[in-house]
Amino acid sequence: MKSVVKVENIVTKFGAKIVHNGVSLEVKQNEIYAILGESGSGKSVLLKEIVMLLKPFSGKIYIFNKDISRLTPQEILELKKRWGVLFQFGALFTSLNIENNIALPLKEYTKLSKKMLSYIVDAKLEMVNLDKSVKYLYPYELSGGMIKRAALARTLSLDPKLLFLDEPTSGLDPVGARAFDELIVNLRDTLDLTIVMITHDLDTIYNIVDRLSILADKKVVSSGTLEEVLKSNHPFVKKFFKKRE
Amino acid sequence: MKNISFKVYNKSNTTTIVFIGDWSINNIDIIETKLLQFNSKTSNIILNLENVDNLDSSGAILISVLKKRLEKDNFNIKTITQNKKHLKLLDIIEENISKQKDIKVKKYSFLYNVGKQTFNIYLSIIEFLSFLGKFFIKSLKLFKKGDFRLQEIIYFIYTAGLEAVPIIALTSFLVGIVIAYQTIVQLSKFGADIFVVDASVIAITRELGPMITAIVVAGRSASSFSAEIGAMKLTQEIDAMKTMGFKPFYFLIIPRVVALLIALPILIFISDIIGIFGAMIATKMHIGLSFNIFIDRLYEVLKVKHYIIGLIKGPFFAVIIALIGSFHGLRVTQNTESIGQETTKSVVNAIFLVIVCDALFSVIFTRLNL
């Protein structure tokens, strides 16, 4: 299996505060990979570093086998078209309706006709199980679950091969959360995606995650498949999975 | 990199379209028009995807759109490919596309929109009047209870009042110079130079001082009040307050109004002094009238009533500015754009209403022979 995301010895500091002290992990093609950790353990910071919103103090991050700190602006743009990032609260553009939110990347990066754009927008909405009638609504008119789905549709608009999801099921009711899990697996299977997600949701971890890493004490304390992680003796791992056993 | 194409082969009663290359979002815009113009002369069509290296959902959508159209025209269509993933993706997308129905968006006529906008303006006026009423009732209750939030009031006196002093001083000074110059030029034609004192000091204390102050404060504070309250609404802080039993009116609006009620008359006073000082300097520079003579003349002509009339307008302007600012802040809806719109409206409306109010005062005072 090819490696899609590889993080090597990341050190992150905010002033004197050390967030990561040598974090490493590797995500393979077609995997659903989860990053877990207590709040404040730097999961979101790690994700931000991977998607180039923050720069680590030291360490290397490879995406599609390229060191992201050594890319030219052109290569960075190409890379950004190949990944999609779903933010925790959707981050839909509030001034655009859902149709334009989804079509925006397509309008910016392709010269497709209006007709084709609307076909693609409809197809993406269908993929995330949203009704077409939401097309003309604005983000503030949608519920939390619908916002996540619409944001996912926007994330999928450029057919990325790599998806980053920040707490995809947080704020959803249990039924909605499971449906979202199912959606993610379906998308992975049909579109050949690699998915990296931050999650706290035990059900997601048990049901759909292939491999995971646990961040604690500024490091990855355990990683691998769920069985492998469950063997770990680290107190946080024990505490986190205790309820299930 | 841009390798995408399709070829059409005709064989007796069958047409074969061979898709070649990378059918992904990066490429399909090149081929879209050409592919969708395709028309067959035979009734059987084979879509051959054997030579497609890469197919993503957008590519599949394009192919499905073509297929859907051809199916509608009663062609027999067969898709062949060895790649099971491609086949599965196509199946999913086809099913997906077949579910699509066009939703009709209602389009309204020009007249409808004009009517709607007019009605909206009417509604917002009604809304503002009810806000005004609410404000008076709440402040009456407040005076009974005496529950002023002193700390907030002082904070707003500082940000909306004290911090505005430099810019108000500068503007008043410049306007003082301008008004004195303009009158000197006209009056010296009649040799009535000394009357420049009458003209400029009365104009400044009665009209210009209060107006400049109100306009500067409206620009600075109406906008900041709207943006502050609007952002609080957006982040649900106001909802949080309500659930905790705090009344946003007492917490957010009354302190702002009271602060401006106190600050604006003081600012007008400062503006008067500096405006007159500007006029003194301009007069001295242009006709060499000494400061002493200017002030002597000022004692003769500037009756206290002129100064008081200017000052009386202060509280009225203060209420207008603070209420308009807060009102538009509360009208912010759940999107970031509306903060900008409401802020703009609050400044424009505040300045406009200040001028309307000033005009009313002018009429009233003239009728009363003041």
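The values are calculated or read from the model by the stated rules, or taken from the named source; none is laboratory data. No experiment lies behind these values; they were computed from the predicted model shown. Glycine gets a Cβ as well: all are built from the backbone with ideal geometry, and neighbour counts include every protein chain shown.
Here are some notes:
- The helices (runs of 4 or more DSSP H) found wholly in the range A:111-211 and carrying at least 3 residues that are within 14 Å of chain B (Cβ to nearest Cβ), among the hydrophobic types (A, V, I, L, M, F, W, C) and free of Cβ contacts under 8 Å to residues at least 40 places away in the same chain occupy A:114-127.
- Unique match (being surrounded by fewer than 18 Cβ atoms within 10 Å (Cβ to Cβ) and modelled with pLDDT of 85 or more) among B:Thr33, B:Thr16: B:Thr16
- Looking across the range B:36-54 at every residue that is within 48 Å of the chain's Cα centre (by Cα) and among the polar types (S, T, N, Q), the one that is surrounded by the most Cβ atoms within 10 Å (Cβ to Cβ) is identified as B:Asn54.
- Residue list for the range B:55-78, filter: under 51 Å from the mean Cα position of the chain (by Cα), polar (S, T, N, Q) and either away from chain A (no Cβ under 13 Å) or closer than 11 Å to B:Ile28 by Cβ (or both): B:Ser57, B:Ser58
- Selection from the range A:91-110 of residues that are hydrophobic (A, V, I, L, M, F, W, C), away from chain B (no Cβ under 11 Å) and in a helix (DSSP H, G or I): A:Ile98, A:Ile102, A:Ala103, A:Leu104
- All helices (runs of 4 or more DSSP H) inside the range B:143-227 with 2 or more residues being touching a residue at least 12 places away in the same chain (Cβ under 8 Å) and of a type in the set (Ser, Thr, Tyr): B:165-188
- In the range B:83-129, residue nearest to the other protein chains (Cβ to nearest Cβ) [restricted to those that are over 28 Å from A:Lys115 (Cα atoms) and among the charged types (D, E, K, R)]: B:Lys84
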